[in-house]
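Contents: one structure, followed by commentary.
What follows is calculated from the coordinates using simple rules that are stated; it is not laboratory data. In this text, all values refer to a predicted model and were calculated from it rather than measured experimentally. All Cβ positions, even for glycine, are placed from backbone atoms using ideal geometry, and neighbour counts span all protein chains on display.
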Amino acid sequence: MLILASTSAARNALLAGAGVVFESSPAPIDERAEEASALGKAPEDVARHLATAKARAVSALHPGAIVIGGDQVLSLGETIFHKPVDLAAARAQLDALAGRTHRLTSALALVRNSTVLWSHSSMAELTMRSFSTAERDAILAEEGETVLGSVGAYRLEGPSIRLFETIVGDYFTILGLPLLPLLAALRQHAPATLKGFT
C-alpha cells in the first residue's frame, strides 16, 4: 500500500495523473511546531524535515505501508513564508515578492515503518514583475480564495502567472511534488503502485 501524507489537491492530481495507485491521508502534525524545531536551518533542510515528519506521522498509523511525505518552503532571502490566512495576507505577501526573486524548495520522503527509504529536494527560482496594486487586486479577484492554499499566494496554473517575469526550475517542483525523482524512487521501492509497470 502507498499513502500520500497530504490532502493537497495539486499533489493528489499529479500522482493520479501519472498513473500511481495510492491513498491519501493528512499528516497529524503541527507544522509550525515542526518548523520551529528546524529553526536556523537552510530552507532545503526545513523542507526535508517537514516532509519526513509528515511521512513518519502517517507511517505510524499504517504499519507496513510506504508513505510519501512532501513539503514546500518559500524563501525570500532569510525570510520563510507560509500560506496566507486570508486575502489581506495574500496581498501583503504578493507585495513583498513583487519585483524580487524568491525560491521554492520542495522536498519528498518515502517512509516505511518510520524508516526513511528515500528523500529528495529540489529548488526553483521565481522572479515576479513590479506590478501595480490594481494588477495585484485584479488577479486576486480572479483567483479568489484558491490562493490561500498556496505558500506563495499565487497559482502558476491560474491567472497569477501574469505576475511573473522569469521562472527557472522544474514545474513539478513549483507545484510541490518533484514528480520525476519520485517516480524513479517508486520504481525502486514500490513498483506495484505504478499502473502497467513491469
Which one of the conditions (1) free of Cβ contacts under 8 Å to residues at least 40 places away in the same chain; (2) at negative phi does residue 77 fail to meet, given that it meets all the rest?
(2)
Selection over region 83-106 where residues are in a loop (DSSP other than H, G, I, E, B) and either crowded, with 22+ Cβ neighbours inside 10 Å or touching a helix residue (DSSP H, G or I) at 6+ places or on another chain (Cβ under 8 Å) (or both) yields a count of 5
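Looking only at region 85-100, count how many residues are among the polar types (S, T, N, Q) and free of Cβ contacts under 8 Å to residues at least 40 places away in the same chain. Give the steps one after another, and end with the answer.
First pass over region 85-100, keeping only residues among the polar types (S, T, N, Q): 93.
Within this subset, residues satisfying the condition of being free of Cβ contacts under 8 Å to residues at least 40 places away in the same chain are none.
Adding up the residues that qualify gives 0.
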Answer yes or no as to whether residue 184 is over 30 Å from residue 42 (Cβ atoms), without any contact (Cβ under 8 Å) to a residue 24 or more places away in the chain, out of contact with any Ser or Thr (no Cβ under 9 Å at 6 or more places or on another chain) and assigned to a helix (DSSP H, G or I).
no
Examine region 153-164 for a residue that is in contact (Cβ under 8 Å) with a residue 40 or more places away in the chain, part of a helix (DSSP H, G or I), charged (D, E, K, R) and surrounded by fewer than 17 Cβ atoms within 10 Å (Cβ to Cβ), and state whether such a residue exists.
no
Name the residue that is farthest from residue 96 (Cα to Cα), counting only residues in region 165-181 that are in a helix (DSSP H, G or I) and either of a type in the set (A, V, I, L, M, F, W, C) or touching a helix residue (DSSP H, G or I) at 6+ places or on another chain (Cβ under 8 Å) (or both).
180
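Results for (1) more than 12 Å from the chain's Cα centre (by Cα); (2) of a type outside the set (A, V, I, L, M), shown as yes or no for each residue.
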site	(1), (2)
4	yes, no
8	no, yes
13	yes, no
32	yes, yes
35	yes, yes
45	yes, yes
51	no, no
69	no, yes
77	yes, yes
